[in-house]
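The values are calculated or read from the model by the stated rules, or taken from the named source; none is laboratory data. These numbers were taken from a predicted model, which means no experiment stands behind them. When we count neighbours, we look across all protein chains shown, and the Cβ atoms used for this are built from the backbone with ideal geometry, even at glycine. Each accessible area value is taken on the protein alone, full model and side chains, heavy atoms only, with ligands, DNA and RNA left out. Shrake-Rupley method; radii C 1.70, N 1.55, O 1.52, S 1.80 Å.
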Amino acid sequence: HSHSNFSSSPPFEKKMFRPRLQPALSHSLGVRSALTAARKKQLAEGPSLADFVAHPQVSASELDETAKLPKKPRERLPSWLKTAVPVGANFNKIKNSLRELNLHTVCEEARCPNIGECWGGKEGTATATIMLMGDTCTRGCRFCSVKTNRAPPPLNASEPHDTAQAIARWGLGYVVLTSVDRDDLPDGGAHHFAETVMEIKRRKPEILVECLTPDFNGKGDLIAVVARSGLDVYAHNLETVEALQPVVRDRRANYKQSLFVLEQAKAAQPNLITKTSLMLGLGERDDEILQTLKDLKSSGVDCVTFGQYMQPTKRHMRVKEYVSPERFDYWQKQGDALGFLYTASGPLVRSSYKAGEYFLGNVLRKRREAQNSTVSH
């Protein structure tokens, strides 16, 4: 009953409120239109751009042209950095085998320029760097094109077995295992690394295994797990000189921690060959490079490689300089002079590099022969 009385009230409301609203509304519309007209007149009669130009001989149209800022040109890729498109039966064989077993390589993920040379080699000479623990990293370094995520997918428990199976099938003499950073895992993936090495050695003890590891947040016990797994070469990359570390690498990585990783690996297994890599072309100075070499030597590192930084995408750090082949030769001589077991230096050299693996393979096989002859005597 009360609802029906209320619903009959609209005619009363119209009488009360409409006469009051209409004058106010028409007044505001009149003011607005008046202001608009005045504003238009003011703009039409006001000063032009030419009135603000300091030099009257320069017209407004000319000023508009000169005001355009030129885009900073990107440096052209020098001839010595251009590589052939990867092709060949062995290249396709390795690629198909990786897809079949759902394995990842740093060769593909990091867009390595040597992929054609390494994968396209003849049977027994082809090399590939297997990337363990998926293709998604928990860190975001400014030079690296690998995908990043705070919570990557869980580890594939069959990966150590599948990796060893693939490597045995390829008939390789030397293999490199690397991985993304997995800060989401309690052990950073150290035991997964170790299990993969043991699976490979169980199938083919003669295969030489290099592990290029993350820093495991500088935890000595985890570094030792990998160092004692039966591998032959322990690699961890310093990437750049100390001053550029915060700009180039993820904030969780740093210069002293990386030196500590290499020291701890050698301490856990003194017979290991330890190895690191540096990128040039990021804005580093010569005195900083030399100091880095001295620091590495003091930390007991055996091998150093130098390569040109290549910007993987426009979202990553720009190349500051394309370092000449002559300059790379200079750093190779400096490394040799300081007494490193092996120094590889060239624009297209990468931490996992075929020529380096060939050299280290020979060193390790000679060591084995020497040990065997000592035991036999």
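Which FRET efficiency value, to the nearest 0.05, is calculated for Met198 and Gln291 with the Förster distance at 45 angstrom and r the Cβ-Cβ distance?
0.75
Checking the a/c ratio against 1.5 first, then a/b against b/c, what shape does the Cα gyration tensor give for segment 226-271?
prolate
When ligands, DNA and RNA are left out and all protein chains stay put, how many square angstrom of accessible area per residue does segment 233-377 have with a 1.4 Å probe?
47 Å²
Quick one: Karplus J couplings for segment 363-369, per residue in order, coefficients 6.51, -1.76, 1.60, θ = phi - 60°, nearest Hz, x for Gly and Pro?
4, 5, 5, 5, 4, 4, 4
What is the extension gain from Ala267 to Arg367, computed as 0.36 nm multiplied by their sequence separation minus the C-alpha to C-alpha distance, in nm to one decimal?
Extra length available between Ala267 and Arg367 comes to 34.1 nm.
Tell me the carbon and sulfur percent of the accessible area for segment 187-297, rounded to whole percent, probe radius 1.4 Å.
Carbon plus sulfur share of accessible area: 50 percent.
Going by average Cβ neighbours within 10 Å, how do the peptides 224-232, 266-274 rank, with the highest at the top?
224-232, 266-274
Can you pull the one-decimal nm distance between simple spin-label points at Tyr330 and Gln257, each 7 Å off the Cα toward Cβ?
3.3 nm
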